[in-house]
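Inspection log for the structure reproduced underneath, given as structure tokens.
Please treat every number below as a calculation from the coordinates, not as lab data. All values reported here derive from a predicted model rather than from experimental measurement. Here the Cβ positions follow ideal geometry from the backbone for every residue, glycine too, while neighbour counts run over all protein chains shown.
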Amino acid sequence: MALKYSCASAGADSCGFSTTATDKADLARQLADHLSRVHAVTTPTQTILRYLVKCAEDRGSLANA
Ligand SMILES: [Zn+2]
């Protein structure tokens, strides 16, 4: 199942970043890169990554409902 993520839907309204990923690990990797480059989070914790992946999962399940 593809995961769709956007910063706006995760609460960062001013960031226009969005992406899709093939699985959670792929998304977490993309987010770690994006957070370090755009949000000045140089070492995103597992807690943050897990939370953001969860946001994407929740949206995915809503989209399929
Ligand atoms: Zn962002």
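Below are the figures for this structure:
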| item | result |
| --- | --- |
| Across the chain: Cys residues that no other cysteine approaches within a C-beta distance under 4.7 Å | 55 |
| Computed [θ] at 222 nm, helices only, for the chain once each DSSP H run of length n ≥ 4 contributes -39500 (n - 2.57) | -17500 deg cm²/dmol |
| For residue 41, residues with placed amide H under 5 Å, excluding near neighbours | 36 |
| Translational diffusion coefficient (Stokes-Einstein; Kirkwood radius from C-alpha pairs) of the chain at 25 °C, 0.890 mPa s, in µm²/s | 209 |
| Under 13 Å from the residue 9 label point (7 Å along Cα→beta-carbon), backbone N, the stretch 34-59 | 52-59 |
| Magnitude of the charge dipole, the chain, Cβ model with Lys/Arg +1 and Asp/Glu -1, debye to 20 | 60 |
